[in-house]
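J.: Have a look at this one before I ask anything.
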Amino acid sequence: MKRFSIKLLFVATAFLAFSCSTTKKASKSKTSASASAKAPSKKPGKNDPQPYSKVITKDAKSDAGLFTVHQVDESFFYEIPDSLFEREMLMVTRIAKTASGLGFGGGKQNEQVLRWQKKGNKVILRVVSYNVVAADSLPVHEAVVNSNFEPVLFTFPVKAIGKDSTSTVIDASPLFEKDVKALGLPQFRRSGYKVSRMESDKSFIESIKSYPHNIEARHVKTYAAGNPPSNSSTGTISLEINNSMILLPDNPMKRRYFDERVGWFTSTQTDYGLGDQRSKTLEYLDRWRLEVKDEDIEKFKRGELVVPKKQIVYYIDRATPVKWRKYIKQGIEDWQVAFEAAGFKEAIIAKDPPSVEEDPEWSPEDVRYSVVRYLASPIPNANGPHVSDPRTGEILESDINWYHNVMSLLRGWFFVQTAAINPDAQSPEFRDEVMGRLIRFVSAHEVGHTLGLPHNMGSSVAYPVEKLRDAEFTQKYGTAPSIMDYARFNYVAQPGDEGVALMPNIGVYDKYAIEWGYRPILDKTAEEEKPILNSWITKHAGDPMYRFGHQQVGDIHDPSSQTEDLGDDAMLASEYGIKNLKRIVPNLITWTTEAGEDYDDLQEMYGHVVSQFNRYMGHVSNNIGGVYEHYKTAEQDGVVYTAVPKDHQKRAMKFIQENLFDTPDWLIDKNIFDRIEYSGSVDRVRGIQVRTLNNIMSLGKMQRLTEAETYNGNNAYSLTDMMKDMRSGIWSELRTGRKIDTYRRNLQRAHIDRLGYLMTADSQRKAPDFGGYQKSTAVNTSQSDIRAVVRAELKSLRSQLRSARGADEMSRIHIADALERIDAILNPNG
């Protein structure tokens, strides 16, 4: 949904009857005049406009707004002011309500710019693209127009002309009753659910409401599906779609161009009219329109803080429980300090909405209002989407979705990361003040997204691990320089570190990023701003407090930009974290149970302990085959990509061997298992070990190890070094003659299975870089060194197994089985 401030007023005027006949000339004969009078008038054709009163009957329910929407029986008519033809509007398609497995309420499905046009007795709805542009004053503009024809989304016959002849009436019902794919379930979801058709008899319009700057249409769509994610007995999927159509500003905002050294959500265009020898992709920030009032310009130039022309205002949903409202508001207004760095005071404020009695027309669906919407949903999450003008990046509105069960997630995180040192977290339920502080933290994080800031996962690495145990330092700087990192809570702090801060606040990076994106640069064009913006970045070059690092999905290549981590040394931070988990496990039963209650809380919190331990293993293992990424431009010293040092990678391997591959006995607590499950404890440990093993021996990491050795020689941690270290640790019993226990046997089989997979694994392409989020290293498995090294490892392991003597019967059986498994891999045809 998008919003902005221009208000449209529609004034109803009296219907004026008029005649199209002209005055007869005096010279005309009476006979011809009489004949003319007797000639029958032309009857309106079937598709010709009808009288207004015949279409919009007296029983119509009318809703004035951007268009006046009339409901007549089951049909919905749009009365479009002629002044809005050719104006551009943004259509945002979201899921409003859904069944299990079908996305989530509020999830955006599509977004496109539309233009309404009138052609004779038809109204045409076109899709407008701003992906390719050129200034209309340039000769190339004609070529761009010719290759960027606006497709027709829908056509409507004109049903009537408005009473004052300045508006046009159409029946809009078919737009939402038919299967218009751009306004319904997107194709990628249809493919996944094997949708064959829309079932019209089970699809209908729920409501269409008009507001001054937007129209909200809700319609239920039912599709025949061969693979529905839930309710499979029906053979269908049903969901309620919300289409929000917003009038784009008549006066577009000035752009600010993007720089990858500062994280930001952006919009893009390909411009053919820049005079370069090729087309160029322009990327500009998604941001609110914050401008200095004319009367405050001199104050602003003197460095005084000023209130912007239009503040960013968030309303708290009426459905939000009263006791949590103040904390959500605090999280919103915490960002005021960041906007002060940009020259504004009170730039962002939180308000309660008017009561029904004060304003019965107030609605969170009105695009003029940004709302924190409280949703009674089991989803343990919150999210802060926004809608922006694709022409300029101006954020028009944002509704933060706050799902009730986010408190369950907060409780789990806070417990597992701080309970070892924090009495406030050592109970089944937190006091309201404690939960309120956590809500405030999440509120501030989500608001950051609505201001244009993505996750900055490279932030937390700025702090030395030991500083996170320092009360003075953490009280000043929090647990990370940015609240947009996933630096949740301080799992590094140990008992005795009194007064240490447990979570991040609006930090150094957040203030810097907001200043960089929002401080007005007066009397400069967007192009003229660029060198100034560059100077603001280079001023802090090399300072980790001001670094931006993308959130990574899939193959994690940069270990200094990970989710949920803390500090500059994953091994040391994880060592502290595991010490705290070891303190929590013996107290779990006491801290999570109450008389008369079952063991559900115990099971949930033990699950959080396992998940947290698994995170530590990920943080450490991603250093192996890792490459640091520090964005720079050509005038800056140093390189962008640097392989993780050899000694650091060897430390990571040693840590994994000692803390995970050597069975983590502290995690295996029979007193807990006897209360929460009848089986599963052995497989749980196996699962963590296998995930970490496969992560280290992934194609991308192995290829990067090969490349690093190629470039850096003996200074690199080579692929053969890594494989030998892996085998030496996992199969240490073959050297010592010790008994191989159940957990180790599972791990060793997983090692053989992974080697077997690598012998036949398909090649891997380099993935497209979706804004830095998802990357993958290209690997040709047939022609790279990987299979050769794996084959050598299998032969070395086979040789060791042949010489081994098991300490007990099960160990001997396991060794014999391992030999047969290896033979089957090396000689698949017998």
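J.: Assuming Tyr711 fulfils every condition listed in (1) closer than 30 Å to Ser776 by Cβ; (2) free of Cβ contacts under 8 Å to residues at least 12 places away in the same chain; (3) not hydrophobic (A, V, I, L, M, F, W, C) apart from one, which condition is it?
T.: Condition not satisfied by Tyr711: (2).
J.: If only one of Tyr509, Tyr486, Tyr546 is modelled with pLDDT under 95, surrounded by 15 or more Cβ atoms within 10 Å (Cβ to Cβ) and within 23 Å of the chain's Cα centre (by Cα), which one is it?
T.: Result: Tyr486 is the single residue among Tyr509, Tyr486, Tyr546 that is modelled with pLDDT under 95, surrounded by 15 or more Cβ atoms within 10 Å (Cβ to Cβ) and within 23 Å of the chain's Cα centre (by Cα).
J.: Note down all Cβ pairs under 7 Å where the first residue falls in the stretch 314-327 and is in a helix (DSSP H, G or I), the second is among the aliphatic types (A, V, I, L, M), and they're at least six residues apart or on different chains.
T.: Short answer, once both residue conditions are applied: Trp324/Ile439; Arg325/Ile316; Tyr327/Ile439.
J.: Tell me the residue from Ile312, Ile316 that is under 23 Å from Glu394 (Cβ atoms), in contact with a strand residue (DSSP E or B) (Cβ under 8 Å, 6 or more places away or on another chain), surrounded by 14 or more Cβ atoms within 10 Å (Cβ to Cβ) and aliphatic (A, V, I, L, M), please. Quick ask: steps written out before the conclusion?
T.: Working: Ile316 fails: under 23 Å from Glu394 (Cβ atoms).
The conditions single out Ile312.
J.: Tell me which residues, restricted to the stretch 328-350, are free of Cβ contacts under 8 Å to residues at least 40 places away in the same chain, not aliphatic (A, V, I, L, M) and not in a helix (DSSP H, G or I).
T.: Glu346
Rundown of residues vs (1) in contact (Cβ under 8 Å) with a residue 60 or more places away in the chain; (2) over 22 Å from Ser621 (Cβ atoms); (3) among the small types (Gly, Ala, Ser), yes/no style:
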| position | (1), (2), (3) |
| --- | --- |
| His550 | yes, no, no |
| Asp555 | yes, no, no |
| Ser561 | yes, no, yes |
| Leu566 | yes, no, no |
| Met571 | yes, no, no |
| Ser574 | yes, no, yes |
| Gly577 | yes, no, yes |
| Gly596 | no, yes, yes |
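J.: Next question, about the same structure. Could you please find all residues in the stretch 359-408 being over 30 Å from Glu429 (Cβ atoms) and among the polar types (S, T, N, Q)?
T.: Ser363, Ser370, Ser388, Thr392, Ser398
J.: Here's a follow-up. I want to confirm something. Restricting to the stretch 505-544 and keeping residues that are among the β-branched types (Val, Ile, Thr) and part of a helix (DSSP H, G or I), which single residue is nearest to Ser561 (Cα to Cα)?
T.: Val508
J.: Of the residues Gln703, Gln748, Gln774, Gln764, which is touching a residue at least 60 places away in the same chain (Cβ under 8 Å) and closer than 30 Å to Leu453 by Cα?
T.: Gln774
J.: Tally up the residues in the stretch 348-386 that are among the aromatic types (Phe, Trp, Tyr) and over 21 Å from the mean Cα position of the chain (by Cα), please.
T.: Going through the stretch 348-386 one residue at a time, the tally reaches 2.
J.: Given the residues Pro385, Pro353, Pro380, which is the only one that is on the phi < 0 side of the Ramachandran plot, touching a residue at least 40 places away in the same chain (Cβ under 8 Å), surrounded by 15 or more Cβ atoms within 10 Å (Cβ to Cβ) and part of a loop (DSSP other than H, G, I, E, B)?
T.: From the options Pro385, Pro353, Pro380, the qualifying one is Pro385.
J.: Just give me the residues in the stretch 638-662 being of a type in the set (Phe, Trp, Tyr) and part of a helix (DSSP H, G or I), in sequence order.
T.: If the condition is that a residue be of a type in the set (Phe, Trp, Tyr) and part of a helix (DSSP H, G or I), then Phe655, Phe661 are the ones that fit.
J.: I would also like to ask the following. Go through Glu365, Glu357, Glu361 for me and flag whichever is in the same structural domain as Lys299 (by TED's automatic domain parsing), more than 23 Å from Gly452 (Cα to Cα) and modelled with pLDDT under 85.
T.: Going through Glu365, Glu357, Glu361 in turn, just one is in the same structural domain as Lys299 (by TED's automatic domain parsing), more than 23 Å from Gly452 (Cα to Cα) and modelled with pLDDT under 85: Glu361.
J.: Looking only at the stretch 303-313, how many residues end up being over 24 Å from the mean Cα position of the chain (by Cα) and in a strand (DSSP E or B)?
T.: So the answer is 1.
J.: Let me ask something else. Can you tell me which residues in the stretch 590-619 are farther than 29 Å from Gln562 by Cα, surrounded by 15 or more Cβ atoms within 10 Å (Cβ to Cβ) and of a type in the set (A, V, I, L, M)?
T.: Residues satisfying the conditions do not exist here.
J.: Given the conditions (1) free of Cβ contacts under 8 Å to residues at least 12 places away in the same chain; (2) of a type in the set (Asp, Glu); (3) in contact with a Pro (Cβ under 7 Å, 6 or more places away or on another chain), which single one is not true for Glu433?
T.: Only one criterion in (1) free of Cβ contacts under 8 Å to residues at least 12 places away in the same chain; (2) of a type in the set (Asp, Glu); (3) in contact with a Pro (Cβ under 7 Å, 6 or more places away or on another chain) is unmet by Glu433, namely (3).
J.: Looking only at the stretch 691-699, decide whether some residue is more than 32 Å from the chain's Cα centre (by Cα), in contact (Cβ under 8 Å) with a residue 40 or more places away in the chain, surrounded by 13 or more Cβ atoms within 10 Å (Cβ to Cβ) and in a helix (DSSP H, G or I).
T.: Scanning the stretch 691-699 turns up no residue that is more than 32 Å from the chain's Cα centre (by Cα), in contact (Cβ under 8 Å) with a residue 40 or more places away in the chain, surrounded by 13 or more Cβ atoms within 10 Å (Cβ to Cβ) and in a helix (DSSP H, G or I).
J.: Shifting gears a bit: Scan the stretch 573-592 residue by residue and report those that are β-branched (Val, Ile, Thr) and under 31 Å from the mean Cα position of the chain (by Cα).
T.: Ile578
J.: Considering only the stretch 447-463, state which residues are surrounded by fewer than 23 Cβ atoms within 10 Å (Cβ to Cβ) and part of a helix (DSSP H, G or I).
T.: Once the filter is applied, which keeps residues that are surrounded by fewer than 23 Cβ atoms within 10 Å (Cβ to Cβ) and part of a helix (DSSP H, G or I), the stretch 447-463 yields only His449.
J.: Please note which strands (runs of 3 or more DSSP E) are completely contained in the stretch 54-101 and include at least 3 residues that are closer than 15 Å to Ile170 by Cβ and not small (Gly, Ala, Ser). Steps first, answer last, please.
T.: Working: elements: 61-63, 68-72, 75-81, 88-97.
Because the criterion is at least 3 residues that are closer than 15 Å to Ile170 by Cβ and not small (Gly, Ala, Ser), the strands (runs of 3 or more DSSP E) in the stretch 54-101 that meet it are 68-72, 75-81.
J.: What single numbered condition from (1) part of a helix (DSSP H, G or I); (2) surrounded by 19 or more Cβ atoms within 10 Å (Cβ to Cβ); (3) not aliphatic (A, V, I, L, M) fails to hold for Arg735?
T.: Unmet condition: (2).
J.: In addition: Specify which of the listed residues (Asp497, Asp485) is acidic (Asp, Glu) and farther than 23 Å from Val387 by Cα.
T.: Asp497
J.: Listed residues Trp324, Trp335; which is farther than 23 Å from Lys511 by Cα and buried (at least 19 other Cβ atoms within 10 Å of the Cβ)? Even if it seems obvious, please write down each step before you answer.
T.: Details: Trp335 fails: farther than 23 Å from Lys511 by Cα.
Checking each option against the conditions leaves just Trp324.
J.: Follow-up. Quick one: which strands (runs of 3 or more DSSP E) sit completely within the stretch 160-219 and have at least 1 residues that are surrounded by 16 or more Cβ atoms within 10 Å (Cβ to Cβ) and charged (D, E, K, R)?
T.: Fully inside the stretch 160-219 and qualifying: 167-171.
J.: Select from the stretch 620-637 the residues that are assigned to a loop (DSSP other than H, G, I, E, B), in contact with a Gly (Cβ under 8 Å, 6 or more places away or on another chain) and surrounded by fewer than 22 Cβ atoms within 10 Å (Cβ to Cβ) and list them in ascending order. Lay out the reasoning, then the answer.
T.: First, the residues of the stretch 620-637 that are assigned to a loop (DSSP other than H, G, I, E, B): 622-626, 630-637.
Retained after the next criterion (residues that are in contact with a Gly (Cβ under 8 Å, 6 or more places away or on another chain)): 625, 630, 632.
If the condition is that a residue be assigned to a loop (DSSP other than H, G, I, E, B), in contact with a Gly (Cβ under 8 Å, 6 or more places away or on another chain) and surrounded by fewer than 22 Cβ atoms within 10 Å (Cβ to Cβ), then His630, Lys632 are the ones that fit.
J.: Taking the stretch 254-269, which residues are modelled with pLDDT under 90 and surrounded by fewer than 17 Cβ atoms within 10 Å (Cβ to Cβ)?
T.: Within the stretch 254-269, just Thr268 meets the criteria.
J.: Whether any residue in the stretch 220-233 is in contact (Cβ under 8 Å) with a residue 24 or more places away in the chain, touching a helix residue (DSSP H, G or I) at 6+ places or on another chain (Cβ under 9 Å) and farther than 18 Å from Lys97 by Cβ is what I want to check.
T.: For the stretch 220-233, residues in contact (Cβ under 8 Å) with a residue 24 or more places away in the chain, touching a helix residue (DSSP H, G or I) at 6+ places or on another chain (Cβ under 9 Å) and farther than 18 Å from Lys97 by Cβ: present.
J.: OK, next. Consider the stretch 344-365. How many of its residues are of a type in the set (Asp, Glu) and within 22 Å of Arg287 (Cβ to Cβ)?
T.: Adding up the residues that qualify gives 1.
J.: Would you check which residues across the stretch 663-678 are outside any helix (DSSP H, G or I) and within 37 Å of the chain's Cα centre (by Cα) and list them?
T.: Correct list: Thr663, Pro664, Ile668, Glu677.
The values are calculated or read from the model by the stated rules, or taken from the named source; none is laboratory data. It should be emphasised that the depicted structure is a prediction, and the values quoted were computed from it without experimental measurement. We place every Cβ from the backbone using ideal geometry, glycine too, and count neighbours over all the protein chains shown.
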